[in-house]
Amino acid sequence: MSETTTAFAPALTARLRHPRTWTWAAGAVLLLALPFYLDRFWLQAGLFAMAAAIGAIGLNLLTGATGQLSMGHAFFLAVGAYGYCVLAGESGTENGHSLSGLGLPSGLAAVLAVLLAGAAGGLFSPIAGRLRGAYLGIATLALIFIGQHVLFNASSLTGGYNGRSVPPLSLFGLTFDDTEVMVAAVPFQSSEKLWYAALAALLLSGLFARGVLRGRPGRALNAIRDHRIAAGVMGVPVAHYRAGVFVLSSMYAGLAGVLLALVFQRTVPEYFGMVLSLEYLAMIVIGGLGTVAGAVVGAAFVSLLPQLLTHYSDSLPLVAAPGTGGLAPGEASRYLYGAAVVAAVLFLPGGLTRPTKNSGEKK
């Protein structure tokens, strides 16, 4: 026992002295303390970023690690969001529509919504296992058009154009709604409560994806991306891995959709369109393909930029409210992260988290 302790102590000491350890610790403390100091606007912006990060991690497993282009990520976010609403919601009338709901416990409904998104990905996985590149991108693009048609016309499930309200999440006797709960003399409402649930979901999602990428499945996925034929010759079941990672990516999107629905408190079909899928592709390109950190950084950039431009539109040049002669914050943000994608492709092919090495460096 003493020999084990003696061998473990130097490694622990070295890790504690590493600057990255203290950086992560300081970041964790900061994230845990933010709900006590930020107002509702900034908390919701952070929640959007965390939900986007979960979805981007899933897309990065598929596109970044495996090289499979997907344009249908928004479809699986919609499956997760509306699946939760139907499973947890009650039947009734809203905005003139008769809505169907199963009334399940919200915690169980959230888990089933994620599994439902995975099942939807499983139905498409045989196609994902056989197609690659632009062919898969075109095939998944069809999911967006199918999804939009269903969302706008299946009014008994989705509420039609006006959407439907989202039942609040309830876990372990705590309901994540606007009912105030005093914590250290600070009133906690839905945003403050959801903050910690979203942090836990993001942490678990990131750790699981990191384990996949660093383990044997990750090496197989990278081999398929870089040398598909060689990977098959070495015994890697290419179609099996492609189909499996597509299902896993769909489940990540479903979890992100559930969290987005809880933050919005209302699901609207128009949100889950082609633009959302393009935004997720921009996230992983800007942040860095094939890494968990890249997905998180890219998601924070793309999701927070419109919020910041909207909040500070009065003091920014050329950016103003719609109809006042300037660019709308949403349009300006798309121009900016569109330019960021071009800049990342030209100057940082590895993304913000994986800068290119000096060309003069010795190999």
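The values are calculated or read from the model by the stated rules, or taken from the named source; none is laboratory data. Keep in mind that this is a model prediction, so the values were computed, not measured. Quick reminder, even Gly has a Cβ in these numbers, built from the backbone with ideal geometry, and neighbours come from all protein chains shown.
Numbers below:
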read-out: Helices (runs of 4 or more DSSP H) contained in segment 7-94 and holding at least 2 residues at pLDDT below 80 and either of a type in the set (Gly, Ala, Ser) or surrounded by fewer than 24 Cβ atoms within 10 Å (Cβ to Cβ) (or both); value: 19-33
read-out: Residue check, residue 176 farther than 22 Å from residue 83 by Cα and surrounded by 15 or more Cβ atoms within 10 Å (Cβ to Cβ); value: no
read-out: Condition check for residue 343: at pLDDT 70 or above and either in contact with a strand residue (DSSP E or B) (Cβ under 8 Å, 6 or more places away or on another chain) or surrounded by 14 or more Cβ atoms within 10 Å (Cβ to Cβ) (or both); value: no
read-out: Selected residue [assigned to a helix (DSSP H, G or I), touching a residue at least 24 places away in the same chain (Cβ under 8 Å) and among the hydrophobic types (A, V, I, L, M, F, W, C)] from 207, 157, 203; value: 157
read-out: Considering residues of segment 253-288 that are part of a helix (DSSP H, G or I), more than 15 Å from residue 44 (Cα to Cα) and among the aromatic types (Phe, Trp, Tyr) only, the residue farthest from the chain's Cα centre (by Cα); value: 271
read-out: Filter result (over 17 Å from residue 71 (Cβ atoms), aliphatic (A, V, I, L, M) and either part of a helix (DSSP H, G or I) or touching an Asp or Glu at 6+ places or on another chain (Cβ under 9 Å) (or both)) within segment 95-122; value: 99, 102, 108, 109, 110, 111, 112, 113, 114, 115, 116, 119
read-out: Single match in 263, 258 (criterion: in contact with a Leu (Cβ under 6 Å, 6 or more places away or on another chain), buried (at least 18 other Cβ atoms within 10 Å of the Cβ) and either more than 18 Å from residue 112 (Cα to Cα) or at pLDDT 95 or above (or both)); value: 263
read-out: Matching residues, segment 56-83, being in contact with a strand residue (DSSP E or B) (Cβ under 9 Å, 6 or more places away or on another chain) and closer than 20 Å to residue 170 by Cα; value: 81, 82
read-out: Subset of segment 95-111 (residues that are buried (at least 16 other Cβ atoms within 10 Å of the Cβ) and in contact with a Gly (Cβ under 7 Å, 6 or more places away or on another chain)); value: 97, 99, 101
read-out: Matching entry among 183, 150 (being under 15 Å from residue 86 (Cβ atoms), of a type in the set (A, V, I, L, M, F, W, C) and either free of Cβ contacts under 8 Å to residues at least 60 places away in the same chain or surrounded by fewer than 15 Cβ atoms within 10 Å (Cβ to Cβ) (or both)); value: 150
read-out: Criterion: touching a Ser or Thr at 6+ places or on another chain (Cβ under 7 Å), under 30 Å from residue 218 (Cα atoms) and modelled with pLDDT of 90 or more - qualifying residue of 246, 272; value: 246
read-out: Subset of segment 169-200 (residues that are in contact with an Asp or Glu (Cβ under 6 Å, 6 or more places away or on another chain) and assigned to a helix (DSSP H, G or I)); value: 190
read-out: Subset of segment 254-311 [of a type in the set (Gly, Ala, Ser) and within 13 Å of residue 55 (Cβ to Cβ)]; value: 254, 256, 257, 261, 277, 282, 287, 295, 298, 299, 300, 303
